[in-house]
Structure formats: C-alpha cells, structure tokens
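See below for the structure under consideration.
The values are calculated or read from the model by the stated rules, or taken from the named source; none is laboratory data. Keep in mind the model is a prediction, meaning the values are calculated, not measured. FYI the Cβ positions are ideal-geometry reconstructions off the backbone, even for glycines, and counts take in every protein chain you see. To get the accessible areas, we keep the full protein, side chains included, count just its heavy atoms, and leave off ligands, DNA and RNA. Shrake-Rupley method; radii C 1.70, N 1.55, O 1.52, S 1.80 Å.
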Amino acid sequence: PPPGAGRPPGGGPGPAAPPRVPERAGDTAAVAGTAGDGEPPSRDALTKAWGDAVLASLSGRAKARFGAGRFLAVEDGVALFALPNQHYLVRCQEVRPEVEAALAAHFATPVPLRLVVESTPPGSDAGTGTEAPASDDEMYADAVGTGGPQGDAPAITSPEEQLKRAFPGAEEVAT
C-alpha cells in the first residue's frame with residue numbers, strides 16, 4: 001500500500017494544514033487598505049471595510065447597535081467611532097470587543113475603538129440645538145408621536161391611533 005494509507009486517525013503526523021484562504025476577496029489585508037504591518041488602517045479604509053464586509057459579519061445585536069454610528073478619524077492608533085447619543089454609546093460598549101475582534105480579523109492588526117457621542121450628526125443643522133432621545137422610552141415616544149418628554153403633541157391612548165400616527169396616510173380597515 002502507498003505510504004500513509006490505512007494510517008489510523010491521529011496515528012502520526014498527517015499532511016500540514018492548508019494555509020488560511022480568505023472567504024471573500026475583501027477579507028485580505030492588502031485589499032482592505034493595510035498590509036497587516038501593525039499600522040492602523042486609515043479612516044477611509046475603515047469606512048470602506050465597515051460598509052463592504054465588517055458590519056455585515058457582526059452578530060445581530062452588535063450590528064443593530066453599531067449600525068447607527070460612523071468612523072470619524074484614527075488618532076494615535078485608535079479608531080474614533082461616533083454614535084448619535086449617550087444611550088447608543090452605553091449599549092455599544094457592551095459589544096465593543098466583538099466589533100474590535102471583527103476589525104482585527106479583517107485588517108490583520110488590532111484596531112482599538114474609542115466610542116464617542118457625535119455632537120453634530122451628519123446631515124443635521126448644527127444650530128437647532130436638538131438632541132437625540134436618551135432612552136428607549138423617548139425613542140419609542142418619538143417614533144409613534146406620543147409627545148415624549150417634550151409634551152408638544154397630544155397623548156394618544158389607543159394602539160390604533162398610535163399606528164395611524166406612526167404611519168401617516170394609513171387607514172383602519174374593519175374586518
């Protein structure tokens with residue numbers, strides 16, 4: 001019989017494990033914008049990788065929390081990731097290690113994150129002075145138009161009215 005044929009499992013050294021092959025072309029460090037030389041990726045490389053591969057690879061929990069943010073800059077080897085408000089920042093801290101691990105795997109170098117609250121979200125008017133809601137209850141109140149903490153809209157008591165308010169133009173159909 002040929003050498004190695006009939007060898008019992010675990011009965012000696014087998015062939016060397018094949019080298020790691022990226023699952024997608026975007027997984028290679030060279031394509032991602034760094035050669036894996038220990039240098040942190042640029043903000044542009046982070047943004048591209050984030051949108052093309054990294055965000056989609058995260059768990060649903062991390063994806064939902066980090067999906068609201070964006071990369072601002074890379075300072076002293078640390079990526080600054082801006083979130084819309086303090087509530088998001090606290091919730092993202094819980095899953096930050098998962099995101100850092102995904103970034104490190106993608107870029108073949110550690111990518112530490114510093115989470116910050118963005119003072120002026122992109123696309124907003126800096127002079128309005130409005131802030132994002134700070135709690136889930138406030139977010140819900142704003143979404144369904146119950147007035148929330150501002151109290152500028154009348155209270156809606158029925159679920160049907162809440163749905164009509166949340167979806168303008170919707171009509172209730174009797175069954």
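Observations on the model:
- Of residues in segment 75-115 being among the small types (Gly, Ala, Ser) and outside any helix (DSSP H, G or I), the one nearest to residue 46 (Cα to Cα): 79
- Single match in 25, 53 (criterion: open to solvent by less than 20 Å² (accessible area, probe 1.4 Å), at pLDDT below 95 and over 16 Å from residue 117 (Cβ atoms)): 53
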